[in-house]
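Read the structure below first, then the notes.
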Ligand SMILES: [Fe+2]
Ligand SMILES: [Fe+2]
């Protein structure tokens, strides 16, 4: 593929992906403030940005078979918890930025779990038996059984949501 076009698709994919998450956060804020039209428009735009992001990803042949995608998931999560987050966490702690440091730490610890779960699923392919997944809505940890307390952030059982 044309190199410049690939670069543009990557940049556009990153931008649209960020806009999606930002608008969803803005929609939640608008809900909290009681602004329903703004909330609805943020949600509509967020969904439109997802359409754009997926279209860009498709155009750069960024979606493989599930086996390939699981490998890519493992690679991404491993990079994040081994290389990306540790120096960010260290710098955040050194600067006394406690909220940022906690945010980095939660993500770093959760990415380890994500990599491990992708690996488990990859290793049992083509077997596709049922799997229970419980997501901690505070830190992004994922457990395969109900736990009383999140081992990463300490949140109670109520913070977990079963993933469909
Ligand atoms: Fe992750
Ligand atoms: Fe948690």
(message) Can you find, within the range 60-110, the residue that is farthest from ligand 1 (Cβ to nearest atom) among those that are more than 30 Å from residue 7 (Cα to Cα) and outside any helix (DSSP H, G or I)?
(response) 96
(request) Determine if the range 32-45 includes at least one residue that is at pLDDT 95 or above and under 23 Å from residue 118 (Cα atoms). (result) no
(message) Looking at the structure I just gave you, is residue 113 within 16 Å of the chain's Cα centre (by Cα) and within 14 Å of ligand 1 (Cβ to nearest atom)?
(response) yes
(message) Return the residues of the range 130-153 that are within 13 Å of the chain's Cα centre (by Cα), buried (at least 18 other Cβ atoms within 10 Å of the Cβ) and assigned to a loop (DSSP other than H, G, I, E, B); say none if nothing qualifies.
(response) 139, 141
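Quick grid of which residues meet (1) in contact with a strand residue (DSSP E or B) (Cβ under 7 Å, 6 or more places away or on another chain); (2) at pLDDT below 95; (3) within 16 Å of ligand 2 (Cβ to nearest atom):
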position	(1), (2), (3)
74	no, no, no
88	no, no, no
96	no, no, no
121	no, no, no
131	no, yes, no
143	yes, no, yes
153	yes, no, yes
160	yes, no, yes
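Okay, residues lined up against (1) closer than 30 Å to residue 125 by Cβ; (2) touching a helix residue (DSSP H, G or I) at 6+ places or on another chain (Cβ under 8 Å); (3) in contact (Cβ under 8 Å) with a residue 40 or more places away in the chain:
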| site | (1), (2), (3) |
| --- | --- |
| 4 | no, no, no |
| 23 | no, yes, no |
| 37 | no, no, no |
| 51 | yes, no, no |
| 61 | yes, no, yes |
| 71 | yes, yes, yes |
| 93 | no, yes, no |
| 97 | no, no, no |
| 100 | no, yes, no |
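The values are calculated or read from the model by the stated rules, or taken from the named source; none is laboratory data. The model shown is predicted, which means the values in this text are computed figures rather than measured ones. Note: ideal-geometry Cβ built from the backbone for every residue, glycine included; neighbour counts use all protein chains shown.
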